[in-house]
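Read-outs: derived from the displayed coordinates by stated rules, not from any lab. Note that the coordinates shown come from a computational prediction; the quantities given were computed from them, not determined experimentally. Virtual Cβ from ideal backbone geometry, glycine too; neighbours counted across all protein chains shown.
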Amino acid sequence: MPELPEVEVITRELRPHLVGEKIRDLKKIWHKTIVESEYSPLNKRIQTITRHGKYIIFHLPDGAIIIHLRMTGQIIVKDQSNLDAKHLRAYIEFKSGKIMQFFDSRKFGRIYVTSNPQDVLKNTGIDALDANFLPKVFTNILTKKKRQIKSVLLDQKNIAGLGNIYIDECLFASRIHPLTPANRLSDDQINILFKEINKILVNAIDRMGTTISDYKTVGGGFGSFQNYLQVYGRTDQPCFVCNSPISKIRINNRGTHFCTNCQVESLNNEL
């Protein structure tokens with residue numbers, strides 16, 4: 001699933017192509033891909049394109065088109081009118097002749113058309129790279145949660161944008177066991193984790209994200225951060241720090257990768 005870095009890369013790539021473009025038509029190929037409302041985006045000009053968590057937001061004068069890629073969503077912008085058919089679920093035609101195609105092999109992705117973006121974003125927390133996401137905000141979130149830190153970070157209502165890959169990487173870099181209750185973390189652990197989240201997300205963006213299966217950039221390119229992963233997807237391979245085999249367990253039905261030697265589980269953890 002594309003996470004914050006991948007969605008940020010896509011958002012940045014879309015801006016020079018589509019900001020200022022006027023929408024001619026919005027076509028639905030698979031009936032569930034577009035979630036419509038009474039608001040019509042036709043003949044509206046895209047003012048800017050931003051991101052919140054894993055959502056891409058196309059701001060229109062009096063509304064928005066919001067895309068969530070989910071598991072396998074991909075966006076491609078073409079100048080010509082010919083369309084690729086395989087896994088094409090929807091597309092937007094612009095008056096300039098450009099076409100933004102939305103592909104999604106698993107059909108989980110959604111395109112929301114709304115007059116009020118908050119109707120779509122209301123259940124998401126502060127973005128993990130928001131300027132207002134400060135250490136004290138992070139501390140306030142974690143100290144109120146008894147759940148395992150991996151579960152807390154996965155929950156988009158708490159912090160928007162983090163996903164399975166980057167949470168595993170951030171917890172390893174912070175030497176925190178994924179089963180540790182969030183409210184049991186020390187101030188030092190919280191501060192280290194906060195810094196690692198910022199550092200790893202920024203590094204992943206600089207490397208155009210992580211391509212493991214489906215993720216591609218708007219231009220059809222691949223990310224390279226998969227070449228720098230320390231634990232994710234490395235089950236039974238030696239830890240780069242201590243040479244112990246990387247372990248994998250399931251938390252919230254997500255495969256969770258960690259080093260049992262570097263990320264020591266506290267005996268006081270409540271599982």
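Where a ≥ b ≥ c are the square roots of the eigenvalues of the C-alpha gyration tensor, would you call the range 102-200 rounded, which needs a/c under 1.5, or, failing that, prolate if a/b is larger than b/c, or oblate? Prolate shape, in that a/c is at least 1.5 and a/b is the bigger ratio.
Angle of helix 4-18 to the longest C-alpha principal axis of the chain, folded into 0 to 90 degrees and rounded to 10: 20°. Within the range 208-271, DSSP assigns beta bridges of which about 90% are antiparallel (rounded to the nearest 5). When you work out D = kT/(6 pi eta Rh) for the chain at 4 °C and 1.567 mPa s, using the Kirkwood radius from C-alpha pairs as Rh and the Stokes-Einstein form, the result is 66 µm²/s. Hey, what angle do you get for helix 164-174 against the long axis of the chain, alpha-carbon based, 0 to 90 degrees rounded to 10? The answer is roughly 40 degrees.
Along the axis of the charge dipole computed for the chain (Cβ charges of +1 for Lys and Arg, -1 for Asp and Glu, origin at the Cα centre), the listed residues Leu14, Leu134, Cys259 are led at the positive end by Leu14. Efficiency by 1/(1 + (r/R0)^6): what FRET value for Thr143 and Tyr39, r their Cβ-Cβ distance, R0 = 41 Å, to the nearest 0.05? My answer for the efficiency is 0.55. Note on the range 209-264: the alpha carbon radius of gyration divided by the globular reference 2.2 N^0.38 Å gives 1.33. Taking Lys136 as the anchor, which aspartates and glutamates have their alpha carbon closer than 12 Å to its alpha carbon, excluding any fewer than eight residues away along the same chain? Of all the aspartates and glutamates, those that pass the test against Lys136 - Cα under 12 Å, at least 8 places apart if same chain - are Asp187.
Projecting label points 7 angstrom from Cα along Cα→Cβ for Asn116 and Asn252 puts them 2.7 nm apart. Using R0 = 25 Å, the C-beta based FRET efficiency linking Ser105 and Phe240 works out to 0.15.
Extending 7 Å from Cα along the Cβ direction at Asp206 and again at Gln80 yields two label points whose distance is 3.8 nm. Counting only DSSP beta bridges with both residues in the range 126-259, the antiparallel share comes to about 75 percent. Here the range 35-178 carries DSSP beta bridges of which approximately 90% are antiparallel, counting only pairs with both residues inside.
Any of Lys54/Lys144; Lys22/Lys157; Lys86/Lys199; Lys32/Lys216 with alpha carbons more than 30 Å apart? Name them for me. Among Lys54/Lys144; Lys22/Lys157; Lys86/Lys199; Lys32/Lys216, the Cα-Cα distance tops 30 Å for Lys22/Lys157; Lys86/Lys199.
About the centre of its Cα atoms, the chain shows a dipole size close to 480 debye [charges on the beta carbon of Lys, Arg (+1) and Asp, Glu (-1) only; nearest 20 debye].
Measure nothing but the geometry: give the 0 to 90° angle between the long axis through the Cα atoms of 187-206 and the longest principal axis through the Cα atoms of the chain, rounded to 10°. Long axis of 187-206 versus the principal axis of the chain: about 40 degrees.
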